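The block underneath contains the structure these notes are about, expressed in structure tokens.
Readers should treat all values here as calculations from the given coordinates under stated rules, not as data from a laboratory. Just so it is clear, the model here is predicted, and its values are computed rather than measured. Reconstructed Cβ throughout: ideal geometry from the backbone, glycine too, with neighbour counts over all protein chains shown.
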Amino acid sequence: MGQQIIELNCPGCGARVSTGQKECDWCHKPVIITTFNSVYSMPIAEVNKYAGAYKTTLKENPDSDEINKSVAMCYLKLKIYDKALASFERAIEDNFDDSETYFYAAVCLLNGKKAFLAQRNIIDKVIQYIDAANMIEPKGIYYYYLSYIKYDFFERKYLNTSPNYIDCLETANEYGVSEYDKNMLFDILGVSKPSVL
């Protein structure tokens, strides 16, 4: 499905822009949030402004995977995991070739709690989403998150799983995962990083 060009008010300054633009001609801020890095260092007030602009645009364009992913990134930054998950899942329905959308949906499923505390059906869905992300485009951070799930849920409960957390951690390192990405992941998750990872 080709990307539909949508007109909207710039989330940064309110000028008329379209999703075909990378940044606003007036304020030079991004029109669409394509990665979590885009909102990670944004002040909360600005993230709220972006989320509001995207919500308004979604009223007329509810099936835009770009806008759904953008608002989901904002909700994730605000740690509103249930709304972020719903928006990521809508984005997946409209574009199932974006590995990051699956990855961040998997992050949202834990709802800001440790994997250890999650129900097994939630953990199974997290693994399903991470596997989907890795099938599209394997990345170190995806395997690193999987190693956390395998450690915190399976290893700590003495449950057998294959591959185990050590195997996933080795794969993550083979693909390359930075300390910055690791720290950002645990910041998004809202839990502390286990010392074994």
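Before moving on, here are some points about what is shown:
- Amide H within-cut-off set for Cys10, under 5 Å, with H built and near neighbours excluded: Ala15, Arg16, Val17
- In a reduced charge model with +1 at each Lys and Arg Cβ and -1 at each Asp and Glu Cβ, the stretch 1-95 shows a dipole moment near 380 debye about its Cα centre.
- Remark on Leu110: its backbone amide H falls under 5 Å from none of the residues 5 or more positions apart or on other chains, H modelled at 1.01 Å from N.
- For Lys29, the amide hydrogen comes within under 5 Å of the amide hydrogens of Cys24, counting only partners 5 or more places away or on other chains and with H modelled in the peptide plane.
- Counting only lysines at least 8 places from Lys125 when in the same chain, those with an alpha carbon closer than 25 Å to its own are Lys69, Lys77, Lys79, Lys83, Lys113, Lys114, Lys139, Lys150, Lys157, Lys182, Lys193.
- Cβ-placed point charges (K, R +1; D, E -1), dipole of the chain about Cα centre in debye, nearest 20: 840 debye
- Highest-first arrangement of 79-90, 61-72, 14-25, where packing means the average Cβ count within 10 Å: 61-72, 79-90, 14-25
- Ellipticity estimate at 222 nm from DSSP helix runs (n ≥ 4, -39,500 (n - 2.57)) divided over the chain, nearest 500: -17000 deg cm²/dmol
- Length gained when the stretch Asp167-Phe96 is fully extended (0.36 nm per residue, less Cα-Cα span): 22.9 nm
- Sequentially through the stretch 31-46, phi angles give Karplus couplings (6.51, -1.76, 1.60; θ = phi - 60°) of 7, 10, 8, 9, 9, 5, 4, 4, 9, 4, 9, 5, x, 4, 4, 5 Hz, Gly and Pro residues having no value and appearing as x.
- Each of (1) 44, 21, 12; (2) 32, 16, 15; (3) 30, 22, 15 is a candidate for semi-axes √(5λ) of the Cα gyration tensor in Å; the one calculated from this structure is (2).
- Taking Cβ separations below 4.7 Å as the criterion for a possible disulfide partner, the isolated cysteines in the chain are Cys74, Cys108, Cys168.
- Hull shadow area, averaged, the stretch 1-95 [alpha-carbon convex hull, nm²]: 5.4 nm²
- Length available on full extension from Lys79 to Gln4: 0.36 nm per residue minus the Cα-Cα distance, which gives 24.2 nm.
- Projecting the Cα positions of Tyr145, Asn134, Tyr158 onto the charge dipole of the stretch 112-197 (unit charges on Cβ atoms of Lys, Arg, Asp and Glu, taken about the Cα centre) puts Tyr158 furthest along the positive direction.
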